[in-house]
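The structure appears below as structure tokens.
The values are calculated or read from the model by the stated rules, or taken from the named source; none is laboratory data. It should be emphasised that the depicted structure is a prediction, and the values quoted were computed from it without experimental measurement. Please note: Cβ atoms are built from the backbone with ideal geometry, for glycine as well, and neighbour counts cover all protein chains shown.
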Amino acid sequence: MSENPLRTPTLLSVVAPVYDEEELIEQFVARATAAVADYEFELVLVNDGSHDSTPEKLDRLAAADPRVRVIHLSRNFGHQAALTAGLEHAVGDVVAMIDADLQDPPELIPEMVAQWSQGADVVYAVRKEREGETAFKLATASWFYKLFDKLAQVDLEPNSGDFRLLDRRALDALLAMTERSRFLRGMTVWVGFNQTAVAYQRDARHAGETKYTLRRMLRFSLDAIASFSHLPLQLATYAGILSAGVAFVAIPVVIALRIADSYLPGFGSITIAILLLGGIQLIAIGVIGEYVGRIYDEVKHRPLYIVREERNRPTSTSRFVSPPATRAGLPARTPERIS
Ligand code: UDP
Ligand code: MG
């Protein structure tokens, strides 16, 4: 437990990625601002290359309230990269991450802060119910969590999304993980520390549409599994051992049949064997390819995102707790060097 049982945040950062959310961004900022009004706070909104009127609306919100910070990325980099951008720019000693579409109620943040005050370093919100989501999304999400649980070495609570609150220590540990395929909810579990859950009801999206198409969801799941498990690679080895074992058993059987002079048409069985082995080999090559592709992405060492413009950037002399440049364990490519 913490050495300081009832701590209060010096500065609370609320980080939200925003992509084409013109219908509800103002409502989100109003609700989030009201929800954390009792704290010193900053709202870090990352515009992930929106194509609608979101950027202008964000600029107006930032002009109206200096606590609203806006980071415009140079294009759409995707949800997890945008979230990472926000986390790297946040300067609070307590940082909450939340979706901007109001599916996660900002009103829950004080409850999460209360858990932090009692010594939790990572507070994750678990969805009790998920409203307004299709049966297909619920089913695929539940399969994904089951599969991830089987394959990966981190215990990810099912139905916990990216709605989380992190202590600065846990956040710095998270930001020291420089991998490119980012599955942030798994990574926040991986860092350890005191983890606590709070339950909530996930609302339907207030307006607009989900930005996660089936293809993106599939990519996201593959990324998640590949970055937390080597089991798919090992499965290829097991399949190879199994089929080689079958072949070794088959050899004496074939010889025995030859000696007994039984008629062996052979064609069908050979075809089946070739197809089966060919299939296994192609799958194995595909699995290796998934990992090699990720290794390639890693060694290229490109920045995860590029900042085009920033509004209400805190100055080094301001009240903020731990300026990004002085954070321990940060990778060489910090956003400050990119922007
Ligand atoms: N988002 C983003 N970049 C993207 C896709 C989504 O910043 O490429 C944001 C989006 O604006 C929202 C959050 O990420 O605030 C979650 O996205 P969404 O609601 O579409 O996902 P879902 O809740 O359907 O999983
Ligand atoms: Mg959503």
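Within the option set Leu83, Leu102, being assigned to a helix (DSSP H, G or I) and of a type in the set (A, V, I, L, M) holds for one residue only, Leu83.
Entry remark, segment 60-81: residues being buried (at least 16 other Cβ atoms within 10 Å of the Cβ) and more than 27 Å from Asp38 (Cβ to Cβ) number 8 in total. Checking the stated criteria, Asp20 turns out to be among the acidic types (Asp, Glu) and within 14 Å of ligand 1 (Cβ to nearest atom). Of everything in segment 19-60, what is in a loop (DSSP other than H, G, I, E, B) and closer than 16 Å to Ala96 by Cα? Give them in sequence order. Across segment 19-60, the qualifying residues are Val36, Ala37, Asp38, Tyr39, Glu40. Scanning segment 151-167 for residues being touching a residue at least 40 places away in the same chain (Cβ under 8 Å) and surrounded by fewer than 17 Cβ atoms within 10 Å (Cβ to Cβ) gives a total of 3. You will find that of Gly119, Gly86, the residue that is surrounded by fewer than 21 Cβ atoms within 10 Å (Cβ to Cβ), under 20 Å from Thr188 (Cβ atoms) and touching a residue at least 12 places away in the same chain (Cβ under 8 Å) is Gly119 and no other.
For every residue, the table says whether it meets (1) at pLDDT below 60; (2) more than 20 Å from the chain's Cα centre (by Cα).
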position	(1), (2)
Ser262	no, yes
Leu276	no, yes
Ala284	no, yes
Ile306	no, no
Arg311	no, yes
Thr317	yes, yes
Pro323	yes, yes
Ser339	yes, yes
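Quick one: is Phe248 among the aromatic types (Phe, Trp, Tyr), under 24 Å from Glu298 (Cβ atoms) and assigned to a helix (DSSP H, G or I)? Considered against the rule, which asks whether it is among the aromatic types (Phe, Trp, Tyr), under 24 Å from Glu298 (Cβ atoms) and assigned to a helix (DSSP H, G or I), Phe248 comes out as no. Filtering segment 108-128 to residues that are more than 16 Å from ligand 1 (Cβ to nearest atom) and either among the hydroxyl-bearing types (Ser, Thr, Tyr) or closer than 17 Å to Val15 by Cβ (or both) leaves Pro110, Met112, Val113, Trp116, Ser117, Asp121, Val122, Val123.
Among residues of segment 72-83 that are at negative phi, those with a beta-carbon under 7 Å from a residue that is surrounded by fewer than 22 Cβ atoms within 10 Å (Cβ to Cβ) and among the acidic types (Asp, Glu) at least six positions away or on a different chain give the pairs His72/Glu309; Leu83/Asp162. The listed residues are Val91, Val113, and the only one of them that is outside any helix (DSSP H, G or I), at negative phi, more than 16 Å from ligand 2 (Cβ to nearest atom) and not small (Gly, Ala, Ser) turns out to be Val91. Here the condition is being touching a strand residue (DSSP E or B) at 6+ places or on another chain (Cβ under 8 Å) and free of Cβ contacts under 8 Å to residues at least 60 places away in the same chain; of Leu58, Leu43, Leu12, it holds for Leu43 alone. Looking across segment 208-227 at every residue that is within 11 Å of ligand 1 (Cβ to nearest atom) and not polar (S, T, N, Q), the one that is nearest to Leu166 (Cα to Cα) is identified as Phe220. Among the residues of segment 66-81, the one identified as within 16 Å of ligand 2 (Cβ to nearest atom) and within 21 Å of Arg169 (Cα to Cα) is Gln80. Hey, any hits in segment 3-18 for a residue that's within 16 Å of ligand 2 (Cβ to nearest atom) and in a loop (DSSP other than H, G, I, E, B)? Checked segment 3-18: no residue is within 16 Å of ligand 2 (Cβ to nearest atom) and in a loop (DSSP other than H, G, I, E, B).
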